[in-house]
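A short write-up of the structure that comes next.
Nothing in this text is a laboratory measurement; each read-out follows from the coordinates by a stated rule. From a predicted model like this one, the values you see are computed outputs, not experimental measurements. All Cβ positions, glycine included, derive from the backbone under ideal geometry; neighbour counts span all protein chains shown.
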Amino acid sequence: MKIKMRRNARPNPKSGKIREWLEAEDYQICIHNIVEQEYIFSHKRKLVVYIEVEYRNQTQLENMSCRRNQWHLFMRDGYSFEALSELRKAIYYHERPYFGSERYINPGRNVRGWLAFEIPLDAGVQYIQFMTAFLKTNTVEIDITDRDIQKDPPVDLSYSR
């Protein structure tokens, strides 16, 4: 039986693993590390998942836009989360260099940094999605297992205001 794709149908997204260089259009990306850490505040607890990302520009043609909003964290229950900005949550980036909101890299260069995602305490991470652009979007999905996530000790900030 022959299956014919509709003209506007999209192919399945590419998939990959942590610590593996992946390609989507001109982008070469890698997730080097995933860390989970709980923060204890005086009146609540927060769970933060960090991902350390890196881009390489191997195009030899032009500079490349690398943005925080290209990354999304999906939970097992279907909810998804965007990376937090340092401006809103600077406390989460005190030990990990923040990737930034947008960076441009020239051919032959790379850029690397950390992104933080605040998620519900009982949420289970299923995969991370990288999205190339808003128009003519291509995606890469990186499935995450519990073995992929390094669990750091909780940070007690209950004494702070």
(request) List ILE105, ILE31 from most exposed to least, where exposure is judged by having the fewest other Cβ atoms within 10 Å. (result) ILE105, ILE31
(message) For the stretch 13-72, compute Rg over Rh where Rg is the Cα radius of gyration and Rh is the Kirkwood radius from the inverse mean 1/r over Cα pairs.
(response) 1.12
(message) Need one number: nm distance between label points at LYS136 and SER65, each 7 Å from Cα along Cα→Cβ, rounded to one decimal.
(response) 1.3
(message) Quick check on my link table: of LYS44/LYS89; LYS17/LYS46; LYS17/LYS151; LYS46/LYS151; LYS17/LYS136, which ones sit more than 20 Å apart, alpha carbon to alpha carbon?
(response) LYS17/LYS46; LYS17/LYS136
(request) Give, rounded to the nearest 20 debye, the magnitude of the charge dipole that the stretch 14-148 has about its Cα centre when Lys and Arg contribute +1 at Cβ and Asp and Glu contribute -1 at Cβ. (result) 280
(request) Sort 93-103, 145-155 for me by packing, meaning the mean count of neighbouring Cβ atoms within 10 Å per residue, highest on top. (result) 93-103, 145-155
(message) Full-extension gain between GLU38 and ASP143, please, as 0.36 nm times their residue separation minus the C-alpha to C-alpha distance.
(response) 35.6 nm
(request) Ratio to report: Rg/Rh of the chain, with Cα atoms as the point set and Rh obtained by the Kirkwood method; give two decimals. (result) 1.02
